[in-house]
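Below: the structure, in structure tokens.
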Amino acid sequence: MIGRLLRGLTQADIWLAALALVLMALIPLVEILSRPMMGKGIDNAPVVVQHLGLLMAMTGAIAAERFGHLTSLGVLVPRFYAVGQLGAAAVCGVLAWASGQFVLSERAAEQMLAYGIPVWWFEAAMPIGFACLGLKLGARSTQHLSLKWMYALAALVVGAWMAYSLDGQALPFWPWVIGLVLLLSFGAPIFAVLGGLALALFWQEGLPLASIALSHYQITVNPSLPALPLFTLAGLIFAGTGAAQRLGAVFVALFGGGKTGTVIAATVLCSCFTAFTGGSGVTILALGGLLLPLLQGVGYPDRKGISLVTSASALGVLLAPSVPLIMYAIIARVPINTMFLAGIVPAVVMVMCLLMFGGYLRQDVARSELRIQPAFNGRVLRDAAWHAKWELLAPVVAIGSLASGFATPTESAALTAIYAVLTQAFAHSELDGKKLADSLSQGTQIIGGVMLILGMALGLTNYLVDAGIPDLATEWVQSVTQNKWVFLLALNVFLFAAGALMEIYAAIVVLVPLLLPLA
């Protein structure tokens, strides 16, 4: 019975998350249209959209768990996978209780959102969402139907009981850290480990656990947050239709055919396309099937072609309106339009360095075997640009509306999402109801999983700021060196080392399950 109820809630969460995302796109559009005609729009519209983002993030996270999209670092010790899931469920129990305390305090304040709707109605999505996540994670701990939901409910209740009985008490820190590291190696989601670490720090000082829920609430109702799912939706819509093929034809015609032109076109196209999709994985799926045959057709080696597409797809995160760029602007409290401008030069430099120093322009065949580079054909470029005119105008809509001051970041993202829907559905007739529903579902799952991690990370950051850790780190760095270039070099070395450690861990996670049966 509990299993059927949870499955029903998951289905409802997918539809609720999709509805919230649709409203997040429509309300800013109504606001833009109503301002010049009636002088005002929907009451408190920006705050309404922000709280719809909270609802979308929590319900999308539940859907992400169902489809296995909650990020983890893998299972290092497979036999303890159940322990990792039960531990994550217990952390969700603590977060559910802490969120409930936060909602109760907000309910007492009797704040209204708009049209008599209390704010706490939307905030209640946090305790409910964490409770559902805890039940679903706990249910993954066993395949026995008779024990599945018993274990899940027990882990959730244990977590909530710990929060209730130990809130405000000072507890030792390091035992929790060791336990969380073990949970991470057992396959617990990253958000649960980060949330557990933040909880351990607050417990160490005897601080109220509701502060973690407040941090999650602050990040999910950030004024710039609605731009994330809306730009992601636009990118997924373009990736799910023929937009990639039309843009590919434009770039190939622009840089000419042959090996060199096709390589440059593939690199620039992957970078620009990732700016809308927000992630290299979506770009590879959308463009891989198009670009690899083109590269093969001009005699480019298969392995180098795959390497080029995967490498170039990671560079577009520096171009507007990339989702990681917006995420950094939110965390660093930097204006989004400033971040968009700041990313242009580094992105261009990285693309050029990839082509020149990556060896992708080097000819690997004898000169007698080289294919003649076709001459630039203006008519072919004009025809390709005409067929892709709606896709080429998408950056103008996204960036132009923001840079001109016509729209706020949220309204610009909403315009871009609506533009993507209208052009692909009516101008090209390639977007039907099923594809739109799939894009909405994927977008909510991506953002839901990301926001869980960001919310827990912000709770951890707030503790570090309150404890003065950044000031201590700054003083230490200044005591070592005052040279900004040395600091920049050291920072890059640190980031490279951290990335290398993550790659080593990922390799271990893959290899250990393969080697255990041989031991």
Picking from V48, V30, which residue would you name as being in a helix (DSSP H, G or I), open to solvent by 50 Å² or more (accessible area, probe 1.4 Å), over 24 Å from A188 (Cβ atoms) and modelled with pLDDT of 85 or more?
V30
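Just give me the residues in region 427-446 being outside any loop (DSSP other than H, G, I, E, B) and free of Cβ contacts under 8 Å to residues at least 40 places away in the same chain, in sequence order. Before you say what the answer is, go through the steps one by one.
Here is the first cut: in region 427-446, the ones outside any loop (DSSP other than H, G, I, E, B) are 427, 433-446.
A427, G433, K434, listed by residue number.
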From the options L184, L147, residue that is surrounded by fewer than 22 Cβ atoms within 10 Å (Cβ to Cβ) and part of a helix (DSSP H, G or I):
L147
Pairs please, first residue from region 51-77 and more than 17 Å from L214 (Cα to Cα), second anywhere and of a type in the set (D, E) and modelled with pLDDT of 75 or more, Cβ atoms under 7 Å, 6+ apart in sequence or on different chains.
T59/D13; I62/D13; A63/D13
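Can you tell me which residue among W476, W485 is at pLDDT 85 or above and open to solvent by 80 Å² or more (accessible area, probe 1.4 Å)? First the steps, then the outcome.
Working: W476 fails: at pLDDT 85 or above.
The match here is W485.
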I want to confirm something. Restricting to region 94-131 and keeping residues that are free of Cβ contacts under 8 Å to residues at least 12 places away in the same chain and part of a helix (DSSP H, G or I), which single residue is least open to solvent (accessible area, probe 1.4 Å)?
A109
Criterion: under 30 Å from M350 (Cα atoms), of a type in the set (S, T, Y) and either crowded, with 24+ Cβ neighbours inside 10 Å or at pLDDT 85 or above (or both) - qualifying residue of T274, T260, T220
T274
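The values are calculated or read from the model by the stated rules, or taken from the named source; none is laboratory data. Since we're looking at a predicted model, the values are computed, not measured. Methodologically, a virtual Cβ is constructed for each residue, glycine included, from the backbone with ideal geometry; neighbour enumeration extends over all protein chains shown. What goes into the accessible areas is simple: the full protein's heavy atoms, side chains included, and nothing from ligands, DNA or RNA. Shrake-Rupley method; radii C 1.70, N 1.55, O 1.52, S 1.80 Å.
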